Structures are given as C-alpha cells and as structure tokens.
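Chemist: Here it is, the structure in full.
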Amino acid sequence: MDWDWENARDSLPLLLEGLLVTVELTLLGSALAYLLGLVFAMIREARIPVLSQLIYLFVELVRSTPLLIQVFVIFWLLWPALDIKPSAFWTGVVALGIHYATYTSEAYRAGIQAVPKGQWEAATALSLPRGRVWTGVILPQAVPRVLPALGNYMISMFKETPLLLAIGVVDVLARAKEQGAETFRVIEPYTLAGLLFLLVSYPSSILVRRLERRVGHL
Amino acid sequence: MIRFDGVVKKFGDHVVLRELDFTVSPGEFVTLIGPSGSGKTTILRLLMTLERVNDGRIYVDGECLTHTSKGDKTVPANEKHLREMRKRIGMVFQQFNLFPNMNVLQNITEAPVRSLGLSKGEAEARAIDLLDMVGLSDKAKAHPSQLSGGQQQRVAIARALAMRPEVLLLDEVTSALDPELVAGVLRVLKEIATTTDITFLCVTHEMQFARDVSDRVMMFDQGQVIEDAAPEKLFTEPEHPRTREFLHAVLDRA
C-alpha cells in the first residue's frame, strides 16, 4: 500500500469545501437542537396535561430509533406529505436538530431539576409572572450547568453528519467519495477526511472539558 | 386580616391540619410555636399558596384566598386569583432563597418591576431605602454568595418588603443561621414589626424573640391550636400540659 501525495494534495480543496458544509450543518443543527430541546424540557417540566406526555412520547420515540431512519422518514415521507421540497442540506439540519433536541432536552431537564425547590417557591411568593420565573430565575441557573453536555452533543452531531450522504448532502465524506470515484484512489481522500474530523473534534472536546472545569466551580 | 375556617391539610394519609380555625387581626404579630411536624410551617405555606387546602377556607383581608365563587357554587381558586391574592402576602424562608444569579439590588427590584409594574427607578429607590433599613446599604451590588447567612436573610426580608405586603410570613427565619448572626436579623424584624402596620405570622424557635415582639402566641400540636394567649401569659403560666412540657423542653436547653 502506498501513499500518493499528489492525490492527497489534489483532494484537499474539495475536502475543505465539504468540511465547510459539515460545519454549517453542525452549527445550524445544534442551534435548532438547543432551542427545540429547551422548549421540550420546559413543556415537560411545566407538567402541562397531555402536552407534556405527548412530548415525552415523542422524545422517547426519537431517542430509540436510528437517526438514519429519521432522515429517510423526513426526506421521503414528511416533506411529500407536507407538499414541500427543502434541499437535502436543510433536511439534514432539521433531522439533526430534532434528533439532538431529544438529547439536549434531557440535559436541560437535569439542569432545571438541579435548581433548588426554594427558588420556585421564592418566585411564587414574590408573584413573579410564570414566564419571568423561567427567564429570570430558573434558566439562568439551569443552563450554565448543562453547557458542557450541550457542547458534547454538538461534537457528536459533527461526527454523525456523514450519515446524510444517504440523502445526498455533499459533506466531507461525500467529497472524499467523489474524489475516490474520479481517481480510483480512495486511501488519500478518506484518510484526509478522517483527519479533518479529528482536527475539528479533538480541540473542541478540549474546549468542552475546560468548560466542564469552569462549570464545576459554579 | 387572616382567617382559617375549618382548614384540613393532608399529605397522603397523614393529616397535618385537622379542621383548623383561627383569626389574626390587622397589624397583629402572631407567633406559632410547637413541636416540629405539628403543622406550623404548613399554615404559612397554605397562606403563600405553595400548598392547597384539602378542605375548609382561608380568608385574607375578608377575601377568600382558597376559593372563588362561580355562579352560586364555590370552586377552588384558579391561578389568576391566587396570583392577585399573593401580591398582598410576603414570605421569608428558612433558607433565604435569594436568586443567586442576581445581585442584591436586582433581587429586591425584580418583583416590584415584574409583578407590580413599577419603573426601574422607583423600584431601585424603594430597594435602597429598604437596604438602609436592614443595614446593608453598602451591599447593593454584592452577590448573595458573597454575603453571610445573616446578611442574606436581611436581604430576603428587604425583598419581601419591597412588595409592600399586608401580611408577612416568617418561616423559621433564623433556624439556618449561625448563632452570632441571629440577633441582627431579629433586631431588623422587631423594628419592622413596631414601625409598620404589617400583619405578621411567624414560626420560630426563638422563644425570647417570640415573647418580645408577639401580640399573641399560639401553641400548636398535632394540627390544632391547643393554646392561644398573650406571650406573658403563655410563657409564664401556660394552661395546657402539652404547652408546659414543650416550653420546658425548649427553654431548659438554653
């Protein structure tokens, strides 16, 4: 087995283009997951009859089925049913966002439950409006504690984006495959794609670990 | 000002309050004493609407707190009614429960701004006066974690007063404090009690304080008031054997 430096160099521009797509997917998907997860967590913790149970069922359903199947369901069933046709990229963002929202919602819930009951009681005793209890008292205490968990989910999501190859999202891995098909040499592009993932996720995980230490001091 | 009428409160099978009746007049300072688990704190929590009654009614300032009338029927009060009623009642907790994500000034101005609709300026002026009263004018920008327990509790008192409550509930407000910090908090409370016309309902184990500031002391046992008298009378010549036993136990300790 030999390593072709030329092929490696040639594949790099394409791979970097793919990496950009991967990063965009991750950032947008995470933003959706953070927002939606928070909504899920708040609805569940607010114990709204029926709605809270529905969210619980939905979260369990999504958490116990593979992401790939969810991607297919959204792409081949949901979009046609709604009679819309978002691109593969946006399908990916939605699928990653919803899938990870079910995980982030559990992280948020742990954070919310860690806020002492006395905080709720003090807020009630001061007749703070319900919405303000959340935004002014509970979430500012709950969210910082779960930031490391949220960061870890972003890293997991980043590593799972190649799955979206299945619906034709052109990310790093797709670019590697393309390059491989063109030159009939797959070692260099795939190895480089792997390295690119490593180059992004390893420093990120160090950052998250540092965040964990800081949160530990809260 | 406060009237309990046949109030029953159960936690599961455990009956905490059994058909409790009592009244507190406007401006009165009433202290509840009695063994732990006798339901004293539950009374405060019912008034603060942190718990709901199983039966009976509670009236505050002549208005029913626990129920509203719907046509000719009375139904348990909804959240909207409770929120209106809560504005007249303040509570100071054993564990202070200051908001750790806000500084002292924000802790005090939060509710007047968000709940009463005061402007930030008005609320801050009110907060500064109150901080002065509790002797913490220099701590407005401090965070709760930078304060001693006694200071935190004085901030919590200022926070409750900022809502200008008609009734103030004190739930063992010195029980979580180091002994040397208790006096400062009690001094502040005594001053408020003597200079305002707020109605106080106080649960405490500080018998000397109860004796000093109370207009009336109610001895509680097993969910009922077993003795209700002026402090001089109750502390010096209690009638009920259970009161004697209880006072004996707590006062001997000192």
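The values are calculated or read from the model by the stated rules, or taken from the named source; none is laboratory data. None of the values given here were measured: they were computed from a predicted structure. We place every Cβ from the backbone using ideal geometry, glycine too, and count neighbours over all the protein chains shown.
Listed here are the residues, each with its yes/no results for (1) acidic (Asp, Glu); (2) touching a Gly at 6+ places or on another chain (Cβ under 7 Å); (3) in contact (Cβ under 8 Å) with a residue 12 or more places away in the chain.
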| residue | (1), (2), (3) |
| --- | --- |
| A:LEU36 | no, yes, yes |
| A:VAL115 | no, no, yes |
| A:LEU126 | no, no, no |
| A:THR135 | no, no, no |
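Chemist: Tell me which residues, restricted to region B:18-37, are polar (S, T, N, Q) and either within 14 Å of chain A (Cβ to nearest Cβ) or crowded, with 21+ Cβ neighbours inside 10 Å (or both).
Modeler: B:THR31
Chemist: Is it the case that some residue within region B:171-187 is within 12 Å of another protein chain (Cβ to nearest Cβ) and either more than 25 Å from B:MET48 (Cα to Cα) or crowded, with 20+ Cβ neighbours inside 10 Å (or both)?
Modeler: Residues of region B:171-187 within 12 Å of another protein chain (Cβ to nearest Cβ): B:171, B:176.
The next check asks that each one be either more than 25 Å from B:MET48 (Cα to Cα) or crowded, with 20+ Cβ neighbours inside 10 Å (or both); those that pass are B:171.
Yes, that holds for at least one residue.
Chemist: Within 14 Å of chain B (Cβ to nearest Cβ), of a type outside the set (Lys, Arg) and over 13 Å from the mean Cα position of the chain (by Cα): is that true of A:VAL170 in this structure?
Modeler: Working: within 14 Å of chain B (Cβ to nearest Cβ): no; of a type outside the set (Lys, Arg): yes; over 13 Å from the mean Cα position of the chain (by Cα): yes.
Against the criterion (within 14 Å of chain B (Cβ to nearest Cβ), of a type outside the set (Lys, Arg) and over 13 Å from the mean Cα position of the chain (by Cα)), A:VAL170 does not qualify.
Chemist: Among the listed residues A:VAL137, A:VAL172, A:VAL133, A:VAL115, identify the single one that is surrounded by 15 or more Cβ atoms within 10 Å (Cβ to Cβ) and either farther than 19 Å from B:PHE96 by Cβ or at pLDDT below 90 (or both).
Modeler: Details: A:VAL137 fails: either farther than 19 Å from B:PHE96 by Cβ or at pLDDT below 90 (or both); A:VAL133 fails: either farther than 19 Å from B:PHE96 by Cβ or at pLDDT below 90 (or both); A:VAL115 fails: either farther than 19 Å from B:PHE96 by Cβ or at pLDDT below 90 (or both).
The match here is A:VAL172.
Chemist: Can A:ALA81 be described as closer than 30 Å to A:ARG185 by Cβ and in a helix (DSSP H, G or I)? Give the derivation first.
Modeler: Details: closer than 30 Å to A:ARG185 by Cβ: no; in a helix (DSSP H, G or I): yes.
Taking the combined requirement at face value, the residue does not satisfy it.
Chemist: Helices (runs of 4 or more DSSP H) wholly in region B:82-201 with at least 2 residues that are charged (D, E, K, R) and not assigned by TED's automatic domain parsing to the domain that holds B:ILE43 - which ones? Outline the logic, then answer.
Modeler: Values: elements: B:104-114, B:120-133, B:149-161, B:179-195.
Passing ranges, in order: B:104-114, B:120-133, B:149-161.
Chemist: Follow-up. Could you check how many residues of region A:1-21 are in contact with a Pro (Cβ under 8 Å, 6 or more places away or on another chain) and within 13 Å of A:LEU164 (Cβ to Cβ)?
Modeler: So the answer is 0.
Yes or no, residue by residue, for (1) surrounded by fewer than 17 Cβ atoms within 10 Å (Cβ to Cβ); (2) away from chain A (no Cβ under 14 Å); (3) touching a Cys at 6+ places or on another chain (Cβ under 6 Å):
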site: B:ALA125; (1), (2), (3): yes, yes, no
site: B:ASP129; (1), (2), (3): yes, yes, no
site: B:GLY135; (1), (2), (3): yes, yes, no
site: B:LYS139; (1), (2), (3): no, yes, no
site: B:PRO144; (1), (2), (3): no, no, no
site: B:LEU147; (1), (2), (3): no, yes, no
site: B:ARG154; (1), (2), (3): no, yes, no
site: B:ILE157; (1), (2), (3): no, no, no
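Chemist: If you take the residues of region B:14-62 that are in contact with a helix residue (DSSP H, G or I) (Cβ under 7 Å, 6 or more places away or on another chain) and either not assigned by TED's automatic domain parsing to the domain that holds B:GLN224 or not in a loop (DSSP other than H, G, I, E, B) (or both), which of them is nearest to B:ILE192 (Cα to Cα)? First the steps, then the outcome.
Modeler: Here is the first cut: in region B:14-62, the residues in contact with a helix residue (DSSP H, G or I) (Cβ under 7 Å, 6 or more places away or on another chain) are B:16-17, B:29, B:31-35, B:48-51, B:53, B:58, B:60.
Cutting the leftovers down to either not assigned by TED's automatic domain parsing to the domain that holds B:GLN224 or not in a loop (DSSP other than H, G, I, E, B) (or both) gives us B:16-17, B:29, B:31-33, B:58, B:60.
Values: B:VAL16: 31, B:LEU17: 30, B:PHE29: 11, B:THR31: 15, B:LEU32: 18, B:ILE33: 21, B:ILE58: 25, B:VAL60: 21 Å.
Out of the qualifying residues, it is B:PHE29.
Chemist: Quick one: A:ARG109 ticks every box in (1) more than 14 Å from chain B (Cβ to nearest Cβ); (2) over 22 Å from the mean Cα position of the chain (by Cα) except a single one, so which number is it?
Modeler: A:ARG109 satisfies every listed condition except (2).
Chemist: While we're on this one: Could you run through region B:65-95 and say how many residues are of a type in the set (A, V, I, L, M, F, W, C) and either more than 8 Å from chain A (Cβ to nearest Cβ) or more than 19 Å from B:LEU201 (Cα to Cα) (or both)?
Modeler: If we filter region B:65-95 for residues that are of a type in the set (A, V, I, L, M, F, W, C), which is where we start, we get B:65, B:75, B:77, B:82, B:85, B:89, B:91-93.
Imposing the further condition that a residue be either more than 8 Å from chain A (Cβ to nearest Cβ) or more than 19 Å from B:LEU201 (Cα to Cα) (or both) reduces the set to B:65, B:75, B:77, B:82, B:85, B:92.
Adding up the residues that qualify gives 6.
Chemist: If only one of A:ARG209, A:ARG213, A:ARG175, A:ARG145 is more than 28 Å from A:PHE72 (Cα to Cα) and either of a type in the set (S, T, N, Q) or more than 21 Å from the chain's Cα centre (by Cα) (or both), which one is it? Give the derivation first.
Modeler: Values: A:ARG209 fails: either of a type in the set (S, T, N, Q) or more than 21 Å from the chain's Cα centre (by Cα) (or both); A:ARG175 fails: more than 28 Å from A:PHE72 (Cα to Cα); A:ARG145 fails: either of a type in the set (S, T, N, Q) or more than 21 Å from the chain's Cα centre (by Cα) (or both).
Unique residue meeting the criteria: A:ARG213.
Chemist: Closer than 30 Å to B:ILE128 by Cα, more than 9 Å from chain A (Cβ to nearest Cβ) and more than 21 Å from the chain's Cα centre (by Cα): which single residue out of B:VAL15, B:VAL113 fits that description?
Modeler: Values: B:VAL15 fails: closer than 30 Å to B:ILE128 by Cα.
None of the other options fit; the residue is B:VAL113.
Chemist: Can you work out which of the residues in region B:96-109 that are in contact with a Lys or Arg (Cβ under 8 Å, 6 or more places away or on another chain), buried (at least 22 other Cβ atoms within 10 Å of the Cβ) and not aliphatic (A, V, I, L, M) is nearest to the other protein chains (Cβ to nearest Cβ)?
Modeler: Filtering region B:96-109 for residues in contact with a Lys or Arg (Cβ under 8 Å, 6 or more places away or on another chain) gives B:98, B:103-105, B:107-109.
Among the residues that remain, those that are also buried (at least 22 other Cβ atoms within 10 Å of the Cβ) are: B:98, B:104, B:107-109.
Now restrict to residues that are not aliphatic (A, V, I, L, M): B:107, B:109.
On the way: B:ASN107: 9, B:THR109: 11 Å.
Of everything passing the filter in region B:96-109, B:ASN107 is nearest to the other protein chains (Cβ to nearest Cβ).
Chemist: Would region A:112-133 turn up any residue that is closer than 17 Å to B:MET102 by Cα and either away from every other protein chain (no Cβ under 14 Å) or under 23 Å from the mean Cα position of the chain (by Cα) (or both)?
Modeler: No: region A:112-133 contains no residue that is closer than 17 Å to B:MET102 by Cα and either away from every other protein chain (no Cβ under 14 Å) or under 23 Å from the mean Cα position of the chain (by Cα) (or both).
Chemist: Follow-up. Restricting to region A:183-212, name every residue that is closer than 12 Å to A:PHE158 by Cα and surrounded by 14 or more Cβ atoms within 10 Å (Cβ to Cβ).
Modeler: A:LEU196, A:PHE197, A:VAL200, A:SER201, A:SER204 - these are the residues of region A:183-212 that are closer than 12 Å to A:PHE158 by Cα and surrounded by 14 or more Cβ atoms within 10 Å (Cβ to Cβ).
Chemist: Residue check, B:GLY56 against (1) under 30 Å from B:THR174 (Cα atoms); (2) surrounded by 16 or more Cβ atoms within 10 Å (Cβ to Cβ); (3) among the small types (Gly, Ala, Ser), all met but one. Which one?
Modeler: Condition (1) is where B:GLY56 drops out.
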